[in-house]
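Asker: Pasting a structure here, questions to come.
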Amino acid sequence: MAKLRDRPQGYAGSRERFSRSVGKIVALSARMNGTPSGHGRQYWSSILAAKLTLGAMTLDKIIPKIASPASKDLWDLGSVATLVRVLAENYILLHWLCVETEDQDLWLFRFKALSIMDNRSRYRLTQEVEGQPEPEEFVSAQKSMAEHIAVTRNFQALTASQQKEILKGLKTPFIHDDVVERLEIDRDDFRKFYRYLSAFVHTGTVSWIRVEDQGRCNGEFNTYEAGAMQACMEFAGRLIDRAVKDLRAISKTGPLIPTEDEPIPQP
């Protein structure tokens, strides 16, 4: 993945490559629009593709076109870094849920595990905001999903403690580092830059304590933000290119006969 010092062909070259990458996923998303899904992986990959595409388009609009004092664009590294981090999380989820799951049982297991976490998160939000006890529909949904996931061989292969964690639904059912390692990219480089992006998301001291020294955060061009945004474009562009390749492969998969439990939406 791109590093802050990794600046091939300068800012203009990175900007051109990034725009091309965005153009590819926009074109692919347009072709996928309205296409019937043959199976759950295709449908949910299209949902995540739409989110990826919108994020990429937004980045393409807000990242300055040229890196010079003559630039009339707004220089806002914090917003760019935040969106790039979201894009990275989105791609990791896409890969885990839709790319690695050609095996039908694995797909069902991962979808149900993610659904349990989503249902738990929705309940916790309602509980904290409204102070209500567990509603009947939440309990019923959790029970139904637990029954469905319990019969999958991937769930049965887990230890008792791992099964308990999945059924709790209190955290994401996968570890980012594990997925990144399977992407055939340098995990250390990815994690270093992901941590850098996270500093802006969490508003830690790394993101603001040196703004005066670096001459940034006033909305105007500065050399630090130009270098950082270039690294963001290289990082995000490569993920977008991977997503396009993955989505093309998934879209070519022929229709599958779904099982009774497979969550395919009806038109």
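None of the figures in this text is laboratory data; all of them are computed from the coordinates on show. What you are looking at is a predicted structure, and each value in this text was computed from that prediction instead of being measured. Cβ placement follows ideal geometry from the backbone for every residue including glycine, while neighbour counts extend to all protein chains displayed.
Asker: Relative contact order of the chain: what whole-number percent is it, with Cα pairs under 8 angstrom and at least 6 residues apart?
Answerer: 40
Asker: Another question about this same structure. What 222 nm value per residue comes from the helices of the chain, counting each DSSP H run with n ≥ 4 as -39,500 (n - 2.57) and dividing by all residues, nearest 500 deg cm²/dmol?
Answerer: Value at 222 nm, helices only: -21500 deg cm²/dmol.
Asker: Using square roots of five times the C-alpha gyration tensor eigenvalues, list the equivalent-ellipsoid semi-axes of the chain in whole Å, biggest first.
Answerer: Here the semi-axes work out to 37, 23, 17 Å.
Asker: Now for a different question. Grab the beta carbon distance between E184 and E212, set R0 = 51 Å, and tell me the FRET efficiency rounded to 0.05.
Answerer: 0.80
Asker: Full extension from H202 to K51: what is 0.36 nm times the residue separation minus their Cα-Cα distance, to one decimal in nm?
Answerer: Extending this stretch completely gives an extra 52.2 nm.
Asker: Normalised by the empirical 2.2 N^0.38 Å for globular proteins, what value does the Cα Rg of the range 40-80 take?
Answerer: Scaled against compact globular proteins, the figure is 1.65.
Asker: Taking the Cα centre of the range 34-193 as the origin, how large is its charge dipole in debye, to the nearest 20, when only Lys and Arg (+1) and Asp and Glu (-1) carry charge on their Cβ atoms?
Answerer: In total the dipole reaches around 180 debye.
Asker: If you wrap a convex hull around the Cα atoms of the range 1-105, how much volume per residue is inside, in Å³?
Answerer: Once divided by residue count, the hull of the range 1-105 is 115 Å³.
Asker: Continuing with this model, one more query. Looking at this model, which pairs from K164/K192; K143/K171; K51/K252; K65/K245; K24/K168 are more than 28 angstrom apart at the alpha-carbon?
Answerer: Pairs exceeding 28 Å: K164/K192; K24/K168.
Asker: OK, next. For the range 1-108, which trypsin sites (Lys or Arg not before Pro) are in a loop by DSSP, counting at most 10 other Cβ atoms within 10 Å?
Answerer: Passing sites in the range 1-108 are R5, K72.
Asker: Another question, if that's okay. List the residue ranges in the chain for DSSP H helices whose C-alpha atoms run 24 angstrom or more along the long axis and whose Kyte-Doolittle average is 0.0 or above.
Answerer: Helices meeting the span and hydropathy rule in the chain are 40-62, 77-94, 223-251.
Asker: Work out the FRET efficiency for V139 and L106 from their Cβ-Cβ distance, taking R0 = 25 Å, and round it to the nearest 0.05.
Answerer: Efficiency computed from Cβ-Cβ geometry: 0.35.
Asker: If you don't mind, there's one more thing I want to ask. For the range 58-214, calculate the relative contact order in percent as a whole number, restricting contacts to Cα pairs under 8 Å that are 6 or more residues apart.
Answerer: 28
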